[in-house]
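Since the structure comes first, as structure tokens, the remarks are kept for the end.
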Amino acid sequence: MGLPETDPYRLQGAGLTPAERTEALEAMTEKLAAAGDELGWQLEWQPDLSGHLTEALTAHVNNIGDPYEDSGFGSHTKEMERRVLDYLADLWGAQPHHDPEDRDSYWGFLCSMGATEGNLFALWNAREYLTGWKLAFPDVAARGQEEEAEPVREPVLLFSSDSHYSIMKAARIVQLDTPASLGKRLYPGECPLDGDWPSMVPSTDGPDGPGTIDQQALDVLVRFFARRRHPAVIVLNAGTTFKGAFDDVRSACTNAAAAYRDAQGATWRARPDDQAEDDLRRWYWVHVDGALGTAYMPFLRMAVDRGEIPAGPSPFPAFDFRVPDVSSIVVSTHKWIGSPWPGGAYLTHNRYRMDPPDFPEYVGAQDTTIAGSRNGHSAVIMWEYFARHSHADQMHQAVEGLQTAQYAEQRLRRLQETHWPHLDLWVDRSEWSLSVRFRRPTQAIVDKAGLGGMTVRVKGEERQYVHLFTMRNTTLEQIDQLVKDLENPQAFD
């Protein structure tokens with residue numbers, strides 16, 4: 001089927017005239033302007049690209065290769081990238097400066113995609129680590145220790161049903177087993193949870209719950225696979241995609257350590273093919289997907305510590321390297337921080353890094369990331385943001401975002417009482433979340449406010465939800481206008 005003749009973006013062999021190109025670009029500009037400030041997306045809609053940032057966009061910038069090695073390609077921003085990674089390491093409780101000789105030092109890179117790239121790298125790194133491939137910084141075992149009595153078996157990936165869809169996709173790419181694929185193949189009929197082997201760990205209280213991983217179910221699965229010598233890759237969330245929920249990272253790490261220590265001992269011995277001595281490795285890898293949450297939660301923690309906001313009914317979520325067993329963390333840069341394109345940052349520690357492949361002489365830097373060429377403009381955007389906004393500035397931004405979410409939740413609950421007493425609007429918000437979810441209104445209201453939607457099956461009933469996120473650019477006036485639209489008697493027809 002051909003394109004319509006009126007399509008302004010139509011390309012042809014003869015090219016387009018200046019007037020046709022102008023028409024197409026103006027149509028694109030109008031479309032993007034109309035889409036801005038939609039409430040249903042985890043995005044900063046108005047990144048500041050003034051001054052030197054605009055000038056940087058006119059250059060080709062390529063941070064090819066390892067961030068800590070300047071390549072033979074001169075047009076890069078690795079100096080800024082390194083400072084951004086140092087900043088995040090300090091923010092997330094790691095040593096604030098990368099030391100290439102220290103196995104306890106952090107290491108990381110800026111992603112050209114969003115947090116999905118970091119999730120993919122984490123699962124690849126975890127698989128290689130847990131299947132005995134060569135490490136860059138091995139923890140050499142003491143001589144005289146006995147070899148493993150039984151072989152270490154294939155690892156299993158454990159993540160909740162509220163996790164981002166990219167986790168399952170990444171699992172397929174790197175060929176990691178889920179409980180369903182591993183359990184059905186090796187342990188049919190032995191699932192320690194009720195029913196069949198699940199692909200994902202259930203969420204607390206099911207689909208209608210807060211969106212956190214069911215800690216008891218996770219512990220049961222970890223212990224089952226620990227007793228059978230299967231290492232575990234555990235993915236936890238610092239702000240789930242739809243509900244914005246925070247998993248209990250500290251408890252998950254503590255329980256995983258106890259499960260493997262009781263079943264197999266704290267570590268296992270690996271000997272890669274070209275390594276003369278064994279090295280000791282943990283039985284599990286804990287990755288934190290903090291696409292949104294790890295950008296604003298450090299500043300809410302500061303606000304709690306300074307008494308700016310109350311601590312809440314539960315302990316403040318621990319989600320970063322302050323929990324010693326956390327192996328890796330990822331954040332998206334286009335969400336809370338703001339960027340005109342997708343981006344992210346991935347951090348781990350040197351002790352978990354795999355030995356890189358052969359040195360690519362052409363590039364002049366180690367090939368340690370997924371991408372060869374990496375977007376160098378993101379480093380400029382992030383560096384400028386952190387340079388311009390102090391910790392105090394970012395703390396106030398995070399507090400304002402949380403208070404706006406609380407305001408939206410209160411307005412919607414009041415709407416339930418005053419205008420919809422006979423229709424359950426399912427209004428809810430998970431603790432510390434910037435996401436407020438409720439019953440899906442008419443398509444006209446969804447489109448006007450730019451709400452994100454999801455169908456959830458609760459007790460045999462399909463519920464259609466929408467949510468809004470209160471990002472840095474979200475205003476109380478936007479919330480008020482949405483509530484006003486929802487007061488219409490036909491709002492939920």
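Here are a few things to note about the model shown:
- Some residue of the range 138-161 being over 18 Å from Ala232 (Cβ atoms) and of a type in the set (Ser, Thr, Tyr): no
- Here Val152 clears all of (1) under 30 Å from Trp107 (Cβ atoms); (2) in contact with a Phe, Trp or Tyr (Cβ under 7 Å, 6 or more places away or on another chain); (3) surrounded by 20 or more Cβ atoms within 10 Å (Cβ to Cβ); (4) not charged (D, E, K, R) except the condition numbered (3).
Residues are listed down the side, and each one gets a yes or a no for (1) in contact with a Ser or Thr (Cβ under 7 Å, 6 or more places away or on another chain); (2) surrounded by fewer than 20 Cβ atoms within 10 Å (Cβ to Cβ); (3) under 23 Å from Arg282 (Cα atoms); (4) in the same structural domain as Arg281 (by TED's automatic domain parsing):
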| residue | (1), (2), (3), (4) |
| --- | --- |
| Ala170 | no, no, yes, yes |
| Ile173 | no, yes, no, yes |
| Lys184 | no, yes, no, yes |
| Tyr187 | no, yes, no, yes |
| Asp205 | no, yes, no, yes |
| Pro210 | yes, yes, no, yes |
| Ile213 | yes, no, yes, yes |
| Ala232 | no, no, yes, yes |
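- Test: residue in the range 381-400 that is in a loop (DSSP other than H, G, I, E, B), touching a helix residue (DSSP H, G or I) at 6+ places or on another chain (Cβ under 7 Å), crowded, with 16+ Cβ neighbours inside 10 Å and in contact (Cβ under 8 Å) with a residue 40 or more places away in the chain: no
- Looking at the range 413-474, none of the strands (runs of 3 or more DSSP E) lying wholly inside it contains 2 or more residues that are in contact with a His (Cβ under 6 Å, 6 or more places away or on another chain), crowded, with 20+ Cβ neighbours inside 10 Å and small (Gly, Ala, Ser).
- Among the residues making up the range 67-93, those that are crowded, with 17+ Cβ neighbours inside 10 Å, at pLDDT 90 or above and either in a loop (DSSP other than H, G, I, E, B) or among the hydrophobic types (A, V, I, L, M, F, W, C) (or both) are Pro67, Tyr68, His76, Thr77, Met80, Val84, Leu85, Leu88, Ala89, Leu91, Trp92, Gly93.
- Residue match in the range 128-136 (condition: closer than 15 Å to Thr368 by Cα, in the same structural domain as Phe225 (by TED's automatic domain parsing), in contact with a strand residue (DSSP E or B) (Cβ under 9 Å, 6 or more places away or on another chain) and at pLDDT 95 or above): yes
- Selection status of Thr212, modelled with pLDDT under 95, out of contact with any helix residue (DSSP H, G or I) (no Cβ under 7 Å at 6 or more places or on another chain) and hydroxyl-bearing (Ser, Thr, Tyr): no
- The listed residue being at pLDDT 95 or above, in the same structural domain as Asp162 (by TED's automatic domain parsing) and touching a Pro at 6+ places or on another chain (Cβ under 8 Å), out of Val288, Val304: Val304
- Among the strands (runs of 3 or more DSSP E) confined to the range 212-308, the ones with at least 2 residues that are under 27 Å from the mean Cα position of the chain (by Cα) and among the β-branched types (Val, Ile, Thr) are located at 232-237, 284-289.
- Which numbered condition Phe109 fails, given (1) over 20 Å from Ile381 (Cα atoms); (2) buried (at least 17 other Cβ atoms within 10 Å of the Cβ): (1)
- Some residue of the range 32-43 being surrounded by 11 or more Cβ atoms within 10 Å (Cβ to Cβ), closer than 15 Å to Thr333 by Cβ and among the aliphatic types (A, V, I, L, M): yes
- Exactly one residue among Ala371, Ala365, Ala345 is under 30 Å from Ser50 (Cα atoms) and more than 14 Å from the chain's Cα centre (by Cα), and that residue is Ala371.
- Among the conditions (1) without any contact (Cβ under 8 Å) to a residue 12 or more places away in the chain; (2) within 17 Å of Val330 (Cα to Cα), Glu79 misses just one, which is (2).
- Residue within the range 27-37 that is under 27 Å from Leu482 (Cα atoms) and in contact (Cβ under 8 Å) with a residue 60 or more places away in the chain present: yes
The values are calculated or read from the model by the stated rules, or taken from the named source; none is laboratory data. Treat the numbers as computed from the prediction; the structure is a model and nothing was measured. So basically every Cβ, Gly included, is an ideal-geometry build from the backbone, and we count neighbours across all protein chains shown.
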